[in-house]
Amino acid sequence: MLKAVLFDCDGVIADSEHLHFSLFQRVLSGIGVPLSQKDYLEKYLAMDDKGCFRAVLAAHGRSPSGGEIQALIETKSVLYKKTAAENLVILPGVVEFVMAVSQKFPLAMASGALRDEVRLVINAAGIAHYFDAVVAAEDVARGKPAPDAYLKAVEELNKIHPKLHIKPEECLVVEDSKHGLLSARAAGMKCVAVTTSYAAEELAAADRVVPVLTAVRVKDLEALFSAPVTPS
């Protein structure tokens, strides 16, 4: 039985994955490290900033200190806040979908982005008040594809709605990335994937794949729970 719906942010709420890529590329180029779009899509999209910077630098034989990674994160965050206001595009059907789902289920956000960046997006979309909990990169030790963010979101929802006794297997995740899908699966949750960042065949492990959120209705989400969760 479906009890809660959990959302990723970038690529689900806003068409912002390309912005994160361009900023990762820009910050890394400043320290002499290249990042191609192909590598980003294949290996790093949906990782939090810390995980992405560490992974890219490791791939180039570098072992940065925690302080160096934090400096890169802060540089990218400043650039994001400057550029997002001018470049942020809310994806079609998002507002209507969030409104409709919120009428029946508690909602939470579980993103690998920094909290200020998540807040910027959902405030821009005018949907912040629909989310009972927002889990961001600062709230978990491990970013996606680890399940931490989605499990933390369930924990937070249960603090707010203790009578619901929400279990991970009673949650549906809305994602756009392969790492995000792996995160949802590792948490034991079902997943609807939107093809904003990857082709449908690359997201085939999801319970349902749609081009836009207007292609799915609340009753379609509930229908997914008539079958057991696919093992991860």
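Just a few scattered comments:
- When residues in the range 202-218 are screened for being modelled with pLDDT of 95 or more and among the basic types (Lys, Arg), 1 of them pass.
- Residues of the range 75-115 that are within 14 Å of the chain's Cα centre (by Cα) and farther than 22 Å from Thr214 by Cα: Gly112, Ala113, Leu114, Arg115.
- Test: residue in the range 69-86 that is hydrophobic (A, V, I, L, M, F, W, C) and surrounded by fewer than 15 Cβ atoms within 10 Å (Cβ to Cβ): yes
- Of the residues making up the range 172-190, those that are among the hydrophobic types (A, V, I, L, M, F, W, C) and either within 20 Å of Arg142 (Cα to Cα) or out of contact with any strand residue (DSSP E or B) (no Cβ under 8 Å at 6 or more places or on another chain) (or both) are Val173, Val174, Leu181, Leu182, Ala184, Ala186, Ala187, Met189.
- Neighbours by Cβ (under 8 Å, 6+ apart or cross-chain): first from the range 127-142, in the same structural domain as Asp116 (by TED's automatic domain parsing); second polar (S, T, N, Q): Tyr130/Ser102; Val134/Ser111; Val135/Ser111; Ala136/Ser111; Ala137/Ser111
- Filtering Met109, Met47 for residues that are surrounded by 15 or more Cβ atoms within 10 Å (Cβ to Cβ) and not assigned by TED's automatic domain parsing to the domain that holds Ala199 leaves a single hit, Met47.
- Residue that is in contact with a Ser or Thr (Cβ under 9 Å, 6 or more places away or on another chain), among the aromatic types (Phe, Trp, Tyr) and buried (at least 21 other Cβ atoms within 10 Å of the Cβ), where the choices are Phe97, Phe53: Phe97
- Among the residues of the range 173-215, those identified as at negative phi, of a type outside the set (Val, Ile, Thr) and touching a Pro at 6+ places or on another chain (Cβ under 6 Å) are His179, Leu182, Ser183, Ala186, Ala187, Met189.
- Boolean, Val121 is of a type in the set (Val, Ile, Thr) and either free of Cβ contacts under 8 Å to residues at least 60 places away in the same chain or in a helix (DSSP H, G or I) (or both): yes
- Annotation: Thr195 fulfils all but one of (1) among the polar types (S, T, N, Q); (2) touching a residue at least 40 places away in the same chain (Cβ under 8 Å); (3) in contact with a strand residue (DSSP E or B) (Cβ under 9 Å, 6 or more places away or on another chain); the unmet one is (2).
The values are calculated or read from the model by the stated rules, or taken from the named source; none is laboratory data. From a predicted model like this one, the values you see are computed outputs, not experimental measurements. Positions of Cβ are generated from backbone atoms using ideal geometry, with glycine treated the same way; all protein chains shown enter the neighbour counts.
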